[in-house]
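The values are calculated or read from the model by the stated rules, or taken from the named source; none is laboratory data. Here the structure is a predicted model, which means the values were calculated and not measured. Neighbour counts are summed over all protein chains in view; Cβ atoms, including those assigned to glycine, are modelled from backbone coordinates with ideal geometry. Heavy atoms of the whole protein, side chains included, go into the accessibility calculation; ligands, DNA and RNA do not. Shrake-Rupley method; radii C 1.70, N 1.55, O 1.52, S 1.80 Å.
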There are 2 protein chains.
Amino acid sequence: MSDIAATNPANETGIGTLTITQVGLVVRNIEQTARAFAAVFGIPVPSSNLTGSLDEAHTEYKGQPSEARARLAFIKAGQVSIELIEPIGGPSTWRDFLDEHGEGVHHIAFEIKGMNERITYLADKGVPLVQRGDYTGGCYAYLDGTSSLGVVLELLENYR
Amino acid sequence: MSDIAATNPANETGIGTLTITQVGLVVRNIEQTARAFAAVFGIPVPSSNLTGSLDEAHTEYKGQPSEARARLAFIKAGQVSIELIEPIGGPSTWRDFLDEHGEGVHHIAFEIKGMNERITYLADKGVPLVQRGDYTGGCYAYLDGTSSLGVVLELLENYR
């Protein structure tokens with residue numbers, strides 16, 4: 001940890017962590033990109049899975065329920081996973097990114113505790129909630145930092 | 001490390017590592033973005049520095065010498081640093097990204113050994129060199145993975 005990180009009292013200020021756990025890449029064709037990463041890194045092709053339906057994931061995009069789903073694949077890269085994301089179905093921050101920017105890094109993710117408090121904290125700092133939902137064992141939120149930070153932040157809270 | 005990472009014989013296949021060390025964000029105004037990150041993360045504002053001149057850095061962009069420079073600031077985030085990059089001067093992969101995509105994550109970086117061999121390996125995999133240069137104690141290369149991986153890769157080789 002650096003001097004800067006060491007001066008951050010985790011769980012007291014900011015979002016309570018400075019440790020990035022995922023770099024999320026939105027792509028058009030996840031099978032194709034997964035094969036390309038496997039070839040470049042000399043690893044097996046990672047498998048992909050579809051995120052839950054609206055009933056399971058309770059996906060909210062800009063405050064409204066959304067049928068948005070995505071195919072996800074993960075490549076473990078030390079502390080950080082590269083998350084490949086192919087948007088499927090309804091409106092989402094993933095789809096918006098693809099439409100506006102093309103393929104690329106959509107977000108950096110942090111594992112936190114206290115989701116609702118962190119969302120309120122970031123909204124107060126000008127980084128508003130854009131999408132949230134549940135997955136088995138946890139929940140996520142995307143905060144739109146594009147105007148102030150140049151990137152979307154994702155918060156992940158695992159209940160275990 | 002995951003099963004996938006564990007099956008990668010480091011230094012034998014791929015680029016010899018699966019550990020991301022930097023996430024590089026191209027921004028228009030580094031002072032402004034550095035202040036925004038500091039506010040969100042509850043840390044001191046990171047200072048920025050100008051990269052070396054052409055004489056010092058031997059910057060090559062698309063095979064030609066370039067007067068390109070950048071202001072850089074680093075935020076240590078666990079294993080990974082968030083690198084803020086404001087393009088200055090001549091043509092560069094940073095400037096191209098800003099012109100084509102606006103602010104956002106330009107690259108993910110890996111620390112490697114054997115720069116020229118890794119560059120040749122990636123070129124053979126369809127990820128060509130786009131920019132390279134030197135810094136005090138090491139050298140870097142950007143490989144254009146946008147068409148196959150959805151993101152630029154940076155290789156860093158530190159001599160010490």
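Can you divide the C-alpha Rg of region A:1-139 by 2.2 N^0.38 Å and report the result to two decimal places?
Cα-based Rg divided by the globular estimate yields 1.13.
Count neighbours as other Cβ atoms within 10 Å of each site's Cβ, and list the GluC sites (Glu not before Pro) in region A:62-160 that are DSSP loop with at most 15 such neighbours.
Here the GluC sites (Glu not before Pro) that fit, given the DSSP loop and packing criteria, are A:Glu67.
Kindly sort B:Arg28, A:Arg95, B:Arg160 by accessible area of their heavy atoms, largest first, with the probe set to 1.4 Å.
B:Arg160, B:Arg28, A:Arg95
Under a point-charge model restricted to the Cβ atoms of Lys and Arg (+1) and Asp and Glu (-1), what is the dipole moment magnitude of chain B relative to its Cα centre, in debye to the nearest 20?
Value, rounded to 20: 300 debye.
Hey, what do the phi angles of region A:81-91 turn into as Karplus ³J(HN,Hα) couplings, whole Hz, using 6.51/-1.76/1.60 and θ = phi - 60°, x for Gly and Pro?
Per residue, the Karplus-derived 3J(HN,Hα) values read 9, 7, 9, 8, 10, 10, x, 10, x, x, x Hz.
Which value, in debye to the nearest 20, describes the size of the charge dipole of the protein assembly as shown about its Cα centre when Lys and Arg Cβ atoms bear +1, Asp and Glu Cβ atoms bear -1, and nothing else is charged?
The dipole of the protein assembly as shown has a size of about 300 debye.
Lys/Arg Cβ at +1, Asp/Glu Cβ at -1, dipole of region B:28-158 taken about the Cα centre: which of B:Ser48, B:His106, B:Ala38 is farthest positive-ward?
Among B:Ser48, B:His106, B:Ala38, the one farthest towards the positive end of the dipole of region B:28-158 is B:Ala38.
Note down the accessible area of B:Met115, probe 1.4 Å, to the nearest 10 Å².
My reading of the accessible area for B:Met115 is about 10 Å².
How high is the relative contact order of chain A, in percent, counting Cα pairs under 8 Å that sit 6 or more residues apart?
After rounding, I find 24 percent.
Using only helices, what value at 222 nm comes out for chain B when you add -39,500 (n - 2.57) per DSSP H run of length 4 or more and divide by the total residues, to the nearest 500 deg cm²/dmol?
After summing the helix terms and dividing by residue count, I get -6500 deg cm²/dmol.
On the accessible surface of chain A, probed at 1.4 Å, how many percent belong to carbon and sulfur atoms?
Summing carbon and sulfur atoms, their accessible area is 49 percent of the total for chain A.
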